[in-house]
Amino acid sequence: MADNSLNGSLTWIKGLQFVAHATGSGAAIVMDGKAAHGGFESGVSPMEALLLSLAGCTGMDVISVLLKKRQAVTDFRVDVEGIRADEHPRRYVRIELSYIVAGEDVSAVAVERAIELSLGKYCGVTASLNAEIVQRYEIHPSGTES
């Protein structure tokens, strides 16, 4: 296997319940479907996992850039919402990312640049998607996060 490849496996448990294992990290997540479709609703759906992967990828990029820029971030969150097509395969057509940053004197310019770098250069999940991705951010003083 090439050095730049990632791999994992998915093991069926029952119904629509699976455990996904990332070979490199050894980490695992439970994936499941809705009860109406034979699942147990005990884990994230594959489409939810995709959204969360995007939020995780860009979130890690943004916080990393902000900390390197010595921004005094005390709390950070990325909210994500995906809008799906009506017709199958019901792919995401639009994804909205909201970055909520709290800290002392956090620079809006630094936040904007960190988001720009993530979505335009560093986040491999973003580059892998075929959906409109829009973003916004909020900066709050420490202790006033929403």
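The values are calculated or read from the model by the stated rules, or taken from the named source; none is laboratory data. Source: prediction; values computed, not measured. Reconstructed Cβ throughout: ideal geometry from the backbone, glycine too, with neighbour counts over all protein chains shown.
The table below lists the values:
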quantity	calculated
Residue in segment 127-142 that is touching a residue at least 60 places away in the same chain (Cβ under 8 Å), of a type in the set (D, E, K, R) and within 20 Å of Leu52 (Cα to Cα) present	no
All positions within segment 18-57 that are buried (at least 17 other Cβ atoms within 10 Å of the Cβ) and either modelled with pLDDT under 95 or assigned to a loop (DSSP other than H, G, I, E, B) (or both)	Asp32, Gly33, Gly39, Gly43
Subset of segment 82-128 (residues that are within 18 Å of Ser142 (Cβ to Cβ) and either more than 16 Å from the chain's Cα centre (by Cα) or aromatic (Phe, Trp, Tyr) (or both))	Tyr99, Ala102, Gly103, Glu104, Asp105, Val106, Ser107, Ala108, Ala110, Val111
Exclusive hit being farther than 30 Å from Ala114 by Cα, of a type in the set (A, V, I, L, M) and out of contact with any Ser or Thr (no Cβ under 7 Å at 6 or more places or on another chain), set Ala85, Ala22, Ala35	Ala35
Qualifying residue in segment 68-81 (condition: outside any helix (DSSP H, G or I), assigned by TED's automatic domain parsing to the domain that holds Gly124, over 26 Å from Ala127 (Cβ atoms) and aliphatic (A, V, I, L, M))	yes
Residue in segment 62-73 that is closer than 30 Å to Thr11 by Cβ and buried (at least 18 other Cβ atoms within 10 Å of the Cβ) present	no
